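Just so it is clear, none of the values below were taken in a lab; they were calculated from the coordinates. Not measured: the values here are computed from a predicted model. Neighbour counts run over all protein chains shown; Cβ positions are idealised from the backbone, glycine included.
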Amino acid sequence: MLDDASPELDGDQVRIMVVEHRVRVIQATRPFVVCAAVVAVFTALLMVERLGMAAQLPAYLYFVVVGVPLATIDATTGKLPNRLTLPSYPILVIMLSAAEIASPNQGSTVRAATAGVLLVALFMVSALVRGVGLGDVKLAGVLGLVLGFRGWTTVYIGMLAAFALAAIFIVFSGFRPGSRERIPLGPFLVAGALIAVLL
């Protein structure tokens, strides 16, 4: 119950407080945004160098453009927004299917979809035992498409690299597995996938 003597805020004061809060958020996240932009550009250049002008290149550049922001958002807020993750499913299926039609020997969309379903299932099981969040489950499907298109070896390397990076972070950050604090897994998943594709 509020104290009758508590001062009431009018509409202008509320708007000012909201604007001030947004300004503080922008100022706090600006270094991360700049860093993410640099990483995205550098990774895109590496992707072009690795894949050349292959038909699959647009799909992997799209993954860079979406994956790096997802990793940054998860690292700073602990969330993987659906507005970036969910549209990636149809977009990547279309782009990878077009790449397979243009160059059938470069990859398999069926294998990509199979890998996506498999990773979603595995991560869902982990989510049920509170190992990962639902945002990670949705991201896993995207990673399955990206990695599975290139082959099962790429899927294994991507997942192995992701969890190896997460383990290194746990060791050097002093994180306690028994604590309620949740590790943002998104950055490691995206990094592992990018490493696997670039190898």
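Roughly how large, in nm² to one decimal, is the mean projection of the convex hull of the alpha-carbon atoms in segment 97-159?
Details: hull surface 15.9 nm².
The orientation-averaged projected area of the Cα hull of segment 97-159 comes to 4.0 nm².
Exposure proxy for 188, 169, 63: other Cβ atoms within 10 Å of each Cβ, ordered fewest to most, give 169, 188, 63.
Remark: 60, 89 ranked as 89, 60, counting other beta-carbon atoms within 10 Å and listing the fewest first. Length available on full extension from residue 152 to residue 86: 0.36 nm per residue minus the Cα-Cα distance, which gives 21.5 nm.
Using a Förster distance of 25 angstrom, determine the FRET efficiency expected from the C-beta separation of residue 118 and residue 163, and round it to 0.05.
Efficiency for this residue pair is about 0.95.
Based on a Kirkwood Rh over C-alpha pairs, give the Stokes-Einstein translational diffusion coefficient of segment 52-188 at 20 °C and viscosity 1.002 mPa s in µm²/s. Don't skip to the end; give the middle numbers.
Values: Rh = 15.5 Å.
In µm²/s, the coefficient is 138.
Using a Förster distance of 30 angstrom, determine the FRET efficiency expected from the C-beta separation of residue 42 and residue 101, and round it to 0.05. Provide the component values of the computation, followed by the final result.
Values: r = 30 Å, r/R0 = 1.01.
Efficiency at R0 = 30 Å is approximately 0.50.
Binning the alpha carbon pair distances of segment 62-129 at 10 angstrom intervals from zero yields the distribution 18, 39, 34, 9, 0, expressed in whole percent.
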